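Remarks on the structure that follows.
The values are calculated or read from the model by the stated rules, or taken from the named source; none is laboratory data. Please read all numbers here as calculations on a predicted model, not as lab measurements. All Cβ positions, glycine included, derive from the backbone under ideal geometry; neighbour counts span all protein chains shown.
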Amino acid sequence: MKILRLFKNSQVFKIALAVAILVVCYLATEFYSQMKKLDSTVELIANSNETQLELEKLLSVISIYETSLRSYIITKDETYIENRFLSRGKIEEAIKKLKTLTTNNSIRNKDIDSLKNLIDYRFKLFRQTLIIAKSKSKSENLNRLELNAKLLESSEVTDKMKSFVNKIIFSESIKAKSQNNNHQFELQDSIITAFLLVILSLLILLLSFQKMNVDIDELQKANDKLKLLNESYNSAEKTAGFGHWMVNTETNQYTFSDNLYRLMGVEPNVFEPNIENTIKYIHPDDLDYVTKVHLDSLLNHQPTSMIFRFLTPNGDVKYIMGVGSFTTNSNGDLIKIGVNYDITNQYQKTLELENNNKELKYINTELEAFNNIVSHDLQEPLRKIQMFISRLEEKELDLLSGQGKEYFLKIRASANKMQTLLIDLVDYSRTIKGDKVFVETDLNKILEETLQDLSTNIEEKKAEIQVGNLPTIKAIPFQIKQLFINLISNSLKYSKEDSIPEIKITSGKITEKEQRDYKIANKEDYYKIVITDNGIGFKQEYSEKIFLLFKRLNTDPKYSGTGLGLAICHRVVDNHKGFIKVIGKPDIGAKFYIFIPKGDLL
């Protein structure tokens, strides 16, 4: 794996390739030098005498033919055997010269005839060896054995021929013999060098080919990833309802994504991407504005952001949010990249929201008018009614009959109930529309003020109030006070007749069970305030209903109420982004849990 990583490293491969090329150059130089030495040796031998020259030429040609054949067997390169073994012109000329030179020497003449016979047999072996080398035997091993046998026989014949020639020229010169030996050595050395040169060249080609395959594989993988990324991006554009475009400011060439065409209501690539073909899909009322902003940005290279409309061929109008910015590509050209979003749904929802806001403002105006009526216009005649009831009670009550007194008491109770209802309605409306400025609020001080306001009711019920240490939170002070007033009043109102009301107001940490039951993500983000009483309680199945408007679980006339108190509590806690829960048991009491988030969550 380590070698494979090195092989994939382009820098390492370049270094290895450079080293290999240097070695090839060195071997080529050596081979060239060796060939030059061979030429020099041949010249020295040729200079000995004409006869020795012709004999050496003869041996040299035979040796070269043999070398070419061996090179062909090694490399399969046809150039080594091209135009060889087919003509013996040079050999015949040498034989003729030798025959001419040995005409007066019958023994030498016979030796030349014998040499000619050896040469003929050697050429026969050449052709047989070549035929075997070119043939494709059924068995590669058999072919190789046959080839090796022919090569061995060829070598034996060559050696015999050389010995014969050497015997002829032995008497000519010791020096010629020595040079001939050097020639043979250098020839073998050049063959080895040539072999190494060919092997190394093949190795370089093999490594280059392998590297090319690796690069092609990597390129194919990168291309596949790019295709997948492009398909994913096109799908994302289609799903998200946006399209992108690019323009090269140097060449003025535009590129559109497939979904940009779809935003214009046409199929992808239905027209050439450019501004001239695009403007026909821009709403006529927006055309001048869009083209001016875009063309100006191409001149001053400033980002753009605008809302305009596409008018599709089927008459649909699409609201588009278009943004564009500039960057440079790999060639250094400045390009502008833009993204167009289909905001038709959002735009229509915004219009709908604006209409709803107008309607809501109208409703709020009516609600404010209603609050004024409740807090002033209705309460004024109600106070007069209560005033006259009070005067009648002081001066005329004794004049009424028993049934009249009973009617009078019902009228007074109804008037008081009416006043309580109006006050609760005003308080509830204030939780909806009132001031919602959050400030640091000490709950201990708010509770102290609340207990003072309810002191008459507490003394009347002889209630025992236990208060723990409460935290300081960010809250709306007036609404928190309403929360405490209604919860404590609720506990006093629904206390048992035969026992002293006991109310506990404490703060504590949220337990693991509460976190699970009430699905609190992080219990450290909330304050918990608990208000416990020993009143008449209620069935737990009604724990959610008691916070509904005008919902009273207990309709017994002795428990007065409007059904708005706990609804106000729920609204106050909701305004503080918290929630309220209650646990009740009949004849045992109720426990209210208030969870208000800390400042960071408001």
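A quick yes/no check of all residues on (1) modelled with pLDDT of 75 or more; (2) among the charged types (D, E, K, R); (3) in contact with a Cys (Cβ under 8 Å, 6 or more places away or on another chain):
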residue: Tyr65; (1), (2), (3): yes, no, no
residue: Ser68; (1), (2), (3): yes, no, no
residue: Thr75; (1), (2), (3): yes, no, no
residue: Glu78; (1), (2), (3): no, yes, no
residue: Ser87; (1), (2), (3): no, no, no
residue: Leu98; (1), (2), (3): no, no, no
residue: Thr103; (1), (2), (3): no, no, no
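With the structure loaded, tell me whether Lys551 is in contact with a Lys or Arg (Cβ under 8 Å, 6 or more places away or on another chain), within 24 Å of Phe438 (Cα to Cα) and at pLDDT below 85 or whether it fails that test. The answer is no for Lys551. Could you check how many residues of the range 521-534 are over 19 Å from Glu544 (Cβ atoms), in contact (Cβ under 8 Å) with a residue 12 or more places away in the chain and either part of a loop (DSSP other than H, G, I, E, B) or in contact with a Leu (Cβ under 7 Å, 6 or more places away or on another chain) (or both)? Of the residues in the range 521-534, 3 are over 19 Å from Glu544 (Cβ atoms), in contact (Cβ under 8 Å) with a residue 12 or more places away in the chain and either part of a loop (DSSP other than H, G, I, E, B) or in contact with a Leu (Cβ under 7 Å, 6 or more places away or on another chain) (or both).
Hey, could you check the range 520-548 for residues that are surrounded by 13 or more Cβ atoms within 10 Å (Cβ to Cβ) and of a type in the set (D, E, K, R) and say which is modelled with the lowest pLDDT? Only one residue tops the list, namely Lys523.
Condition check ((1) in contact (Cβ under 8 Å) with a residue 24 or more places away in the chain; (2) loosely packed, with under 12 Cβ neighbours inside 10 Å; (3) within 26 Å of the chain's Cα centre (by Cα); (4) not assigned by TED's automatic domain parsing to the domain that holds Val247) across all residues:
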| site | (1), (2), (3), (4) |
| --- | --- |
| Gly265 | yes, no, no, no |
| Gly315 | no, yes, no, no |
| Ser325 | no, no, yes, no |
| Ser330 | no, yes, yes, no |
| Glu354 | no, yes, no, yes |
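Within the range 466-491, being within 49 Å of the chain's Cα centre (by Cα) and touching a residue at least 60 places away in the same chain (Cβ under 8 Å) holds for Ile473, Lys474, Ala475, Ile476, Gln479, Ile480.
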